[in-house]
Ligand SMILES: Nc1ncnc2c1ncn2[C@@H]1O[C@H](COP(=O)(O)OP(=O)(O)OP(=O)(O)O)[C@@H](O)[C@H]1O
């Protein structure tokens, strides 16, 4: 049996006894273009990610998931509302690994370490440590084109971790990978999240992926993007994508996602 606790959008997101948060969005609105000339993409989003929490964000295509992530990353500013990230600027990881192809795996990571202010003398050993962490020890000198898709995403993850933040924003990072490679990387991100005490906000279209990874799944509605529903996922980790618990909860969440997509498509 699954244990899913549903909460309304207005309820406190998670138990944060000290009022602590790694990310806090308060009444965030986002409209592209001049105010009054376009419909808001995000409308009154309030969401906390607790320290060490793993939250996945689901929603119909175009509902504003990436927009929300970009706002938290500081790549864009909300039209109204506030976003607070008390620690270092969050690290962002995309589906497209965006590695520099002319650099080796290790040098890609060293570059991120340099931008994070890590002294030159420490960069190589730190890059090697991060490659070990993503199980690519010994691949320091490999060029990007010599790496498989899964290996590139491991390097991209190591590079994100090199930015020195314990808040990791992930925008469909495994969407381009085959199912088996994705499954292996699910295990890896779960392990690294727990070991490094990361706070993760992870965007995906894949409901099973969302349930397999997260402590909490947040479903966004579209036009405008609002928090439609949340599920607290209490299934023990590590989880398997094919397990009954993940499957049952995925069916329930998919039904709600379908409803949102239908509503989105029927709107003029
Ligand atoms: N820079 C921009 N200028 C104008 N409109 C934008 C901009 N960025 C996003 N949008 C619009 O905002 C809406 C939400 O886009 P966003 O990429 O955040 O959705 P999404 O939920 O991540 O979609 P998908 O799941 O397909 O990746 C879309 O209608 C998109 O066209």
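The values are calculated or read from the model by the stated rules, or taken from the named source; none is laboratory data. Computed from a predicted structure; not experimentally measured. Every residue, glycine as well, gets a Cβ built from its backbone with ideal geometry; the counts of neighbours run over all protein chains shown.
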(request) Answer yes or no: is there a residue in region 164-177 that is at pLDDT 95 or above, assigned to a helix (DSSP H, G or I) and in contact with a strand residue (DSSP E or B) (Cβ under 8 Å, 6 or more places away or on another chain). (result) no
(message) Here are the criteria: (1) in contact with a strand residue (DSSP E or B) (Cβ under 6 Å, 6 or more places away or on another chain); (2) crowded, with 21+ Cβ neighbours inside 10 Å; (3) outside the structural domain of residue 106 (by TED's automatic domain parsing). Tell me which single one residue 256 does not satisfy.
(response) (2)
(request) Just name the residue that is farthest from residue 174 (Cα to Cα) out of those in region 41-67 that are near the ligand (Cβ under 7 Å from one of its atoms) and either part of a helix (DSSP H, G or I) or modelled with pLDDT of 95 or more (or both). (result) 67
(message) Please verify whether residue 17 is part of a loop (DSSP other than H, G, I, E, B), modelled with pLDDT under 95 and buried (at least 17 other Cβ atoms within 10 Å of the Cβ), treating the condition exactly as stated.
(response) no
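Out of 38, 105, 9, I need the residue that is away from the ligand (no atom under 16 Å from the Cβ), over 16 Å from the mean Cα position of the chain (by Cα) and at pLDDT below 90. Which one? It would help to see each step written out before you state the result.
Numbers: 38 fails: away from the ligand (no atom under 16 Å from the Cβ); 105 fails: at pLDDT below 90.
Within the list 38, 105, 9, the selection yields 9.
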(message) Considering only region 125-139, I want to know if a residue exists there that is surrounded by fewer than 18 Cβ atoms within 10 Å (Cβ to Cβ) and within 16 Å of the ligand (Cβ to nearest atom).
(response) no
(request) For region 199-207, state whether one or more residues are under 17 Å from the mean Cα position of the chain (by Cα), part of a helix (DSSP H, G or I) and not assigned by TED's automatic domain parsing to the domain that holds residue 133. (result) yes
(message) As an exercise: evaluate residue 180 against (1) closer than 27 Å to residue 55 by Cα; (2) in contact (Cβ under 8 Å) with a residue 12 or more places away in the chain; (3) part of a helix (DSSP H, G or I) and give the number of the one condition it does not meet.
(response) (2)
(message) Can you tell me which of (1) buried (at least 21 other Cβ atoms within 10 Å of the Cβ); (2) modelled with pLDDT under 90 is the one residue 214 doesn't meet?
(response) (2)
(request) Could you please find all residues in region 208-230 being away from the ligand (no atom under 11 Å from the Cβ) and either in a strand (DSSP E or B) or not assigned by TED's automatic domain parsing to the domain that holds residue 261 (or both)? (result) 216, 217, 218, 219, 227, 228, 229, 230
